[in-house]
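To start, the structure itself, in structure tokens.
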Amino acid sequence: MLKKELVIEMRNLMRAVFEHNHEQWVTGKQLSAQIGCFNETWLKNYGQALPRTRAIVTDKDGIEHAGSWIYPLHKIQRMINDNSIKNLKI
């Protein structure tokens, strides 16, 4: 039992290290090209349910300017592989 738990923990650790060190951040268009079900309409309607981020810059007048959304490709691929993609909530 302990050996099985150790193997699971090591697998999870290796996955986390890989995602952190080798993550590929892609635009919505690039995500659609890699994973066809996430087309432009889907991302517009439900993209906030996926992990994503964007750069926000505040200029000297205090006005914020936001860049385009970017998505962590490997993390989303893992979510598909482990079926957690089926539990998205908005």
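Applying the selection to segment 52-82, what residues are assigned to a strand (DSSP E or B) and within 18 Å of His20 (Cβ to Cβ)? Break it down stepwise before answering.
Initial filter on segment 52-82 (assigned to a strand (DSSP E or B)): 53, 56-58, 64-66, 70-72.
The answer is Thr53, Ile70, Tyr71, Pro72.
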Members of segment 10-29 found to be surrounded by 10 or more Cβ atoms within 10 Å (Cβ to Cβ), closer than 22 Å to Ala55 by Cα and in contact (Cβ under 8 Å) with a residue 40 or more places away in the chain, listed by number: Glu19, Glu23, Gln24, Trp25, Val26, Thr27, Gly28
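Which of the following residues is at positive phi and at pLDDT 95 or above: Gly47, Gly28, Gly62?
Values: Gly47 fails: at positive phi; Gly28 fails: at positive phi.
Gly62 is the lone residue from the list that is at positive phi and at pLDDT 95 or above.
Hey, among the residues in segment 31-51 that are in a helix (DSSP H, G or I) and in contact (Cβ under 8 Å) with a residue 12 or more places away in the chain, which one's surrounded by the most Cβ atoms within 10 Å (Cβ to Cβ)? Before you say what the answer is, go through the steps one by one.
Applying the first criterion (in a helix (DSSP H, G or I)) to segment 31-51 yields 31-34, 40-49.
Keeping just the survivors that are in contact (Cβ under 8 Å) with a residue 12 or more places away in the chain gives 31, 34, 40, 43, 46-49.
Details: Leu31: 24, Gln34: 14, Glu40: 11, Leu43: 20, Tyr46: 12, Gly47: 16, Gln48: 12, Ala49: 14.
It comes out as Leu31.
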Residue under evaluation Val7, criteria (1) over 12 Å from the mean Cα position of the chain (by Cα); (2) in contact (Cβ under 8 Å) with a residue 40 or more places away in the chain, criterion not met: (2)
Unmet requirement for Ile56, which otherwise passes all of (1) surrounded by 10 or more Cβ atoms within 10 Å (Cβ to Cβ); (2) in contact with an Asp or Glu (Cβ under 8 Å, 6 or more places away or on another chain): (1)
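The values are calculated or read from the model by the stated rules, or taken from the named source; none is laboratory data. Bear in mind that the values here come from a model prediction, so they are computed numbers and not experimental data. Positions of Cβ are generated from backbone atoms using ideal geometry, with glycine treated the same way; all protein chains shown enter the neighbour counts.
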